[in-house]
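This report concerns only the one structure given below.
The values are calculated or read from the model by the stated rules, or taken from the named source; none is laboratory data. Nothing here was measured: the structure is a model prediction, and the numbers come from that model. Please note: Cβ atoms are built from the backbone with ideal geometry, for glycine as well, and neighbour counts cover all protein chains shown.
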Amino acid sequence: MLSDLTFNNVIRMVAGKRYYGDGVEDDPEAKRVRQLIADLVSLAGSGNAADYLPLLRWVSDYETRVKKLSARMDEFLQGLVDEKRRAKEKGNTMVDHLLSLQDSQPDYFTDRIIKGNMVSLILAGTDTSAVTMEWALANLLNHPEVLNKARDEIDRKVGLDRLVDESDISNLPYLQNIVSETMRLYPAVPMLLPHVASEDCKVGGYDMPRGTILLTNAWAIHRDPQLWDDPTSFKPERFEKEGEAHKLMPFGLGRRACPGSGLAQRLVNLTLASLIQCLEWERIGGEKLDMSEGHGGTMPKAKPLVAMCRARDSVAKFFHEAA
């Protein structure tokens, strides 16, 4: 459900489309896109051992599968670009704006550049955001006192007569601390994207020859007892202390940090705030949720989140009056 929500949000920003949810379950185009995204997430999460042991390229079909999937993805993206190019009325999507730039700078903003920007946003902004929200909800269900405190903050600062909006997020510091603590304990990409040393250098006192692949273990850094007090406990309050947020690196750091971090933060914070404001959440049974980590390019829960929820009375009344 959360993956469907985040993909719909991102693809609407990119191209004004929707492929998940009511009204599109049986749409042929939506079915093809859902299968494409499922294949893409599966392949991206499997990794390629030949990147580290090139000899394996002789026995692995990974690169062949990547090329076939890339061709399917390129066809899908080109279709979105061509559809926007043919449209008589220009919209306000990412593709619309990039096509406008193509008119003024055709040598740079080629279709290839446009499709590259599209796939970057789609891949980086969907599964990672969904995984973060799943971990956040699971933590809140295991710590109902934190959930209640977050709900009280939203009710107090947003009120019960309207829905939370993106402009409210800056006024909800405890909610932001919950998201930060979730990303600390369960970074969506625990091993940040690999980097290659462009020249001989030293990292942590070790010699790194030019061409060495460097991996940053954000998961380990975020749980280092030398950096964090009680590092394995879920404590959003820790980020009330000045300087704590500077030790957080779920999006990487410096010039090579994730360029979509701002978008991801807004998407996760607003969605989580909406889920807290609109719904009452409970665990199924008395036991705490299993917080074991799964495997993949992103770090999902080993056991997908299953919980009970119902509309809050105040929100149900609001929707009834709005109708």
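Condition first: buried (at least 17 other Cβ atoms within 10 Å of the Cβ), touching a Pro at 6+ places or on another chain (Cβ under 9 Å) and assigned by TED's automatic domain parsing to the domain that holds LYS247. Can you find one or more residues in the stretch 195-209 that meet it? Working first, answer last.
We begin by selecting, within the stretch 195-209, every residue buried (at least 17 other Cβ atoms within 10 Å of the Cβ); these are none.
Scanning the stretch 195-209, I find no residue that is buried (at least 17 other Cβ atoms within 10 Å of the Cβ), touching a Pro at 6+ places or on another chain (Cβ under 9 Å) and assigned by TED's automatic domain parsing to the domain that holds LYS247, so the answer is no.
Could you check ASN142 against (1) in contact with a helix residue (DSSP H, G or I) (Cβ under 7 Å, 6 or more places away or on another chain); (2) surrounded by 14 or more Cβ atoms within 10 Å (Cβ to Cβ); (3) touching a residue at least 40 places away in the same chain (Cβ under 8 Å) and say which number it fails?
(1)
Within the stretch 296-319, work out how many residues are in contact with a Leu (Cβ under 6 Å, 6 or more places away or on another chain) and polar (S, T, N, Q).
Summing the residues that are in contact with a Leu (Cβ under 6 Å, 6 or more places away or on another chain) and polar (S, T, N, Q) in the stretch 296-319 gives 1.
Look at ARG256 and say whether it is within 19 Å of the chain's Cα centre (by Cα) and charged (D, E, K, R).
So ARG256 fits the description; yes.
Consider ASN117 carefully, then state whether it is in a loop (DSSP other than H, G, I, E, B), polar (S, T, N, Q) and either surrounded by 14 or more Cβ atoms within 10 Å (Cβ to Cβ) or within 24 Å of the chain's Cα centre (by Cα) (or both). Steps first, please.
On the way: in a loop (DSSP other than H, G, I, E, B): no; polar (S, T, N, Q): yes; either surrounded by 14 or more Cβ atoms within 10 Å (Cβ to Cβ) or within 24 Å of the chain's Cα centre (by Cα) (or both): yes.
The answer is no for ASN117.
Taking the stretch 23-62 as the search range and keeping residues that are over 25 Å from the mean Cα position of the chain (by Cα) and part of a helix (DSSP H, G or I), which one is modelled with the highest pLDDT?
PRO28
Could you run through the stretch 105-126 and say how many residues are free of Cβ contacts under 8 Å to residues at least 24 places away in the same chain and hydrophobic (A, V, I, L, M, F, W, C)?
Of the residues in the stretch 105-126, the ones free of Cβ contacts under 8 Å to residues at least 24 places away in the same chain are 105-110, 112-113, 116-117.
With the extra rule that they be hydrophobic (A, V, I, L, M, F, W, C), the set shrinks to 109, 113.
Residues flagged as free of Cβ contacts under 8 Å to residues at least 24 places away in the same chain and hydrophobic (A, V, I, L, M, F, W, C) within the stretch 105-126 amount to 2.
Whether any residue in the stretch 196-218 is assigned to a helix (DSSP H, G or I) and either farther than 18 Å from GLY260 by Cα or over 17 Å from the mean Cα position of the chain (by Cα) (or both) is what I want to check.
No, the stretch 196-218 contains no residue that is assigned to a helix (DSSP H, G or I) and either farther than 18 Å from GLY260 by Cα or over 17 Å from the mean Cα position of the chain (by Cα) (or both).
Considering only residues that are over 30 Å from MET118 (Cβ atoms), assigned to a helix (DSSP H, G or I) and β-branched (Val, Ile, Thr), which ones fall in the stretch 230-279?
Within the stretch 230-279, ILE276 is the sole residue that qualifies.
With respect to the numbered conditions (1) surrounded by fewer than 13 Cβ atoms within 10 Å (Cβ to Cβ); (2) touching a strand residue (DSSP E or B) at 6+ places or on another chain (Cβ under 7 Å); (3) closer than 28 Å to VAL158 by Cα, which one is the sole condition not fulfilled by ARG256?
With (1) surrounded by fewer than 13 Cβ atoms within 10 Å (Cβ to Cβ); (2) touching a strand residue (DSSP E or B) at 6+ places or on another chain (Cβ under 7 Å); (3) closer than 28 Å to VAL158 by Cα applied to ARG256, the lone miss is (3).
Would you mind telling me which numbered condition in (1) crowded, with 18+ Cβ neighbours inside 10 Å; (2) part of a helix (DSSP H, G or I); (3) not charged (D, E, K, R) VAL164 fails?
In the conditions (1) crowded, with 18+ Cβ neighbours inside 10 Å; (2) part of a helix (DSSP H, G or I); (3) not charged (D, E, K, R), VAL164 misses (2) alone.
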